[in-house]
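The values are calculated or read from the model by the stated rules, or taken from the named source; none is laboratory data. These numbers were taken from a predicted model, which means no experiment stands behind them. Cβ coordinates were reconstructed from backbone atoms using ideal geometry, including for glycine residues, and neighbour counts include every protein chain displayed. We work out accessible area using only protein heavy atoms, side chains counted, and drop any ligands, DNA or RNA first. Shrake-Rupley method; radii C 1.70, N 1.55, O 1.52, S 1.80 Å.
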Amino acid sequence: MSYSKKILAVLLTMVLVFGGCGNKDNLAISDTSSSTETVSATMEESVYPSTETESETESASTEETETESETAEHGTETAQESDLLPDTAFQTVEETVYAISNVNLRRQPTTEQNNVETVLQAGAQAVRTGYRDDWSILEYQGQKLYASSTYLTTDAPQTPSASESEGSDVAQASEQNNEQDSTQPAAQPTAPAVTPSANGGGRIVCIDAGHQQHGISDTEPNGPGSTEMKAKLTTGTQGVATGKTEYQLNLEVSLLLKQELLNRGYQVVMIRETNDCPASNAERAITANESGASIFVRIHANSSTDSSTNGCLTMAPTAANPYVSYLAAPSQSLSQSIVNHICANTGFRNIGVLGTDNMTGINWCTIPVSIVEMGYMSNPDEDVKMSDPTYQSLIASGIADGIDEYFASH
């Protein structure tokens, strides 16, 4: 073939390639300043074209935008995942440690609520292989897990005497670490030393005395990932006859319930024991999740514009709940047992279990939960009775009876 025909063939090939693809990105040319000889060689070697078309690039860009939007909506979880501590950040150790109190063992060193693998019971031991002031790496039952260093000690636990064990409880409300997810100040952890009875069996119950002295008007998501925002905390209602605030009534009954459960051999975690506890509803639920408790009982009182309305009810999520549908059945069972026994003790009208899916303090839970509405503070007769120490004791023992019944069947 003559030289001029070779040139013509090369030019014809280039026209076919560039004209026929319709997309110059289909040519895998790494350097646009290459010589004509390099281009010809590239075409003769049939280099594979790029598989990313412009439409695919636009699609990827859209997906990236959606991901960024999703990240903005779930920013907390994303931040926790990105901030995971590498094992090289831990001091290498080899020692036996003991749980000062029940402590969550986690798959990763974050306080993400779905990160808990199991619970190391108070006094139980594990081997620590890595240490930081905030987190420890543990070898436990053949797994590598992470736990808050605050609740671990190298000192073997002492067996408590009978006098020491009477009336003890789990005082802390949540694990403390550099990424603490509750604003509630935690008490110093103490090892629970309850002698289990046939009823409690050492199970842990978390109690929330609803509301507090000061409301928090700032908002928080109604559930994980929710775009619906609700006020973090309100002060509650007030008695029409007694003038007593709901937050004070809730605390009075909650403290009685705490002691009743301790007497029955349960361990108790209190969300608050004073009227100054600036923890939001979501934070209280997360505290209950993190506490190692089996159930979460939230104590409230009701109100109505109709002063004749009376009776006791409980609240629980339904099977249609978009956040905690898996908790519906056990929560409703717990709630039914509690309301039945309160009304049997007090003679209050039994309104039953109200299914609700818009309560922040329920939607952030990962353990069975019940909101107890003891009675109506807008009803003069019930308002007076709920402030009577005798009725308060009947309410507390009724709730405890309901908890006993729940655990007897679960």
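The table below lists the values:
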quantity: Solvent exposure, largest accessible area first (probe 1.4 Å, DNA, RNA and ligands not counted), of Thr314, Thr390, Thr366, Thr88; calculated: Thr88, Thr390, Thr366, Thr314
quantity: Heavy atoms of Glu405 accessible to a 1.4 Å probe, total area in Å² rounded to 10; calculated: 80
quantity: Area accessible to solvent at Leu255, 1.4 Å probe radius, in Å²; calculated: 70
quantity: Separation of alpha-carbon centers, the range 336-381 and the range 214-291, rounded to whole Å; calculated: 14
quantity: Relative packing of peptides 204-212, 260-268, 351-359, 232-240 - highest average C-beta neighbours within 10 Å first; calculated: 204-212, 260-268, 232-240, 351-359
quantity: Links that overshoot a 32 Å alpha carbon limit, given the list Lys230/Lys258; Lys144/Lys232; Lys144/Lys230; calculated: Lys144/Lys232; Lys144/Lys230
quantity: Tyr131, Tyr326, Tyr98, ranked by accessible area, largest first (probe 1.4 Å); calculated: Tyr326, Tyr131, Tyr98
